[in-house]
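To keep things clear, I will list the structure first and then write my remarks on it.
Taken together, the values in this text are just the output of simple stated rules run on the coordinates, not laboratory data. In this text, all values refer to a predicted model and were calculated from it rather than measured experimentally. Please note: Cβ atoms are built from the backbone with ideal geometry, for glycine as well, and neighbour counts cover all protein chains shown.
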Amino acid sequence: IKGFYLAVATLASQFFIVWLFNKVPWFFNYSATGQISVPPRQIFGFLVTGPDASPAITYLFTLTIVAIFALLAKNMARGNVGRSWMAIRDMDIAAEIIGIRPLKTKLIAFAVSSFYIGIAGALLFAVWLGSAEPTEAFGIDQSFLILFMIIIGGLGSILGSFLGAAFMVLMPIFLKNFMVDGLGVQPALSEHVQIMLMGALIIFFLIVEPHGLARLWQIAKEKLKIWPFPY
């Protein structure tokens, strides 16, 4: 199992994690209500967490972290580790023949991806939410949302991760402004249209263009380079 099917298979662990969060008090800091809150923390004299943190400061802090880790991921993908990942992804048997160890390469991929998603979860909880119940903040819906971002943005693409996230965030806003505010449609109907559109896009990208928006953006750039003279 590899690729998209591996991502779907690992979602089964989500149910175990939710059960673990409910049964082990250490995960919610032994709170009687099961809710944990982030204490105020400062970096270089600026408050980045807590109810008194400035939205501009938290945004710049998050943007800095995202930019640093995006550059690290891009450089990693261009190095030996990234090339090993691509070789295993394309054809693991051929990669093993040329000397790449599949077990080690896959373990590194799982470790790096888990580290990245751990940082993202920490930012989501500490900077964005501030306080939440672990089972609600990191439920199965959140996992599916991240999976849909990757599918629509493009599998195996750093740019696709940003495009997919932007699409998943901006599409509900666009539909609300267009259908509810513009056409006067009921909000409930707008939400149903959003779900239908999301399902249709996932089917389209899985069948027609597995590389998602990143590939479409690459094709558009190639077309614009020779426009308006196709020769």
Over the chain, what is the relative contact order in percent, taking alpha-carbon pairs closer than 8 angstrom and at least six residues apart? 19
Dividing the mean separation of Cα pairs under 8 Å (6+ apart) by the residue count of the stretch 128-214 yields a relative contact order in percent of 38
Based on Cβ point charges of +1 for Lys and Arg and -1 for Asp and Glu, what charge dipole magnitude is obtained for the chain about its Cα centre, in debye rounded to the nearest 20? 820
Pseudo-spin-label distance L71 to L107, built 7 Å along Cα→Cβ, given in nm, is 3.1
What is the order of M171, M196, fewest Cβ neighbours within 10 Å to most? M196, M171
Run lengths n ≥ 4 of DSSP H only: what is the helix-derived mean residue ellipticity at 222 nm for the chain, with -39500 (n - 2.57) per run over all residues, to the nearest 500? -21500 deg cm²/dmol
Go ahead and run the numbers for FRET between Q42 and I97, Cβ-Cβ distance against an R0 of 45 Å, rounding to 0.05. 0.25
At 4 °C and 1.567 mPa s, grab the translational diffusion coefficient of the chain from Stokes-Einstein with a Kirkwood Rh over Cα pairs, rounded to a whole number in µm² per second. 63
Do you know the Lys pair count in the chain for C-alpha distances under 29 Å, with sequence separation 8 or more or different chains? 8
Could you tell me whether the stretch 1-136 comes out rounded, prolate or oblate from its Cα gyration tensor? Rule is a ≥ b ≥ c as square roots of the eigenvalues, rounded for a/c under 1.5, then prolate if a/b exceeds b/c, otherwise oblate. oblate
